[in-house]
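Trainee: Dropping the structure in here first, questions after.
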């Protein structure tokens, strides 16, 4: 099993709500990078009963209706086009 360490960086700005005393943080998105966005959306709708909330006409980005936190999928090809390494 591979172990990964993650660091959480917090802003020291008094304007940042996540560091104000008593403030809560909202988790809005989880984005999974996949080779085939449409196939991933289809799998999650069949396996877990989610509904597709959005699918870009290019097929490179899509979201499922999952409540307050969105489960989104972006194609690895799109990320490479944007100069990122998914």
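Trainee: When you scan region 53-68, do you find a residue that is within 17 Å of residue 30 (Cα to Cα), in a helix (DSSP H, G or I) and within 14 Å of the chain's Cα centre (by Cα), even just one?
Mentor: No, region 53-68 contains no residue that is within 17 Å of residue 30 (Cα to Cα), in a helix (DSSP H, G or I) and within 14 Å of the chain's Cα centre (by Cα).
Trainee: Let me ask something else. Taking into account only those residues within region 1-41 that are outside any loop (DSSP other than H, G, I, E, B) and loosely packed, with under 13 Cβ neighbours inside 10 Å, which is modelled with the lowest pLDDT? First the steps, then the outcome.
Mentor: Here is the first cut: in region 1-41, the residues outside any loop (DSSP other than H, G, I, E, B) are 29-34, 37-41.
Those still in the list that are loosely packed, with under 13 Cβ neighbours inside 10 Å too: 29-30, 32, 39.
Details: 29: 87, 30: 92, 32: 94, 39: 97.
It comes out as 29.
The values are calculated or read from the model by the stated rules, or taken from the named source; none is laboratory data. Everything numeric here is computed off the predicted structure, so don't read it as measured data. Every residue, glycine among them, receives a Cβ derived from its backbone with ideal geometry; neighbour counts consider all protein chains shown.
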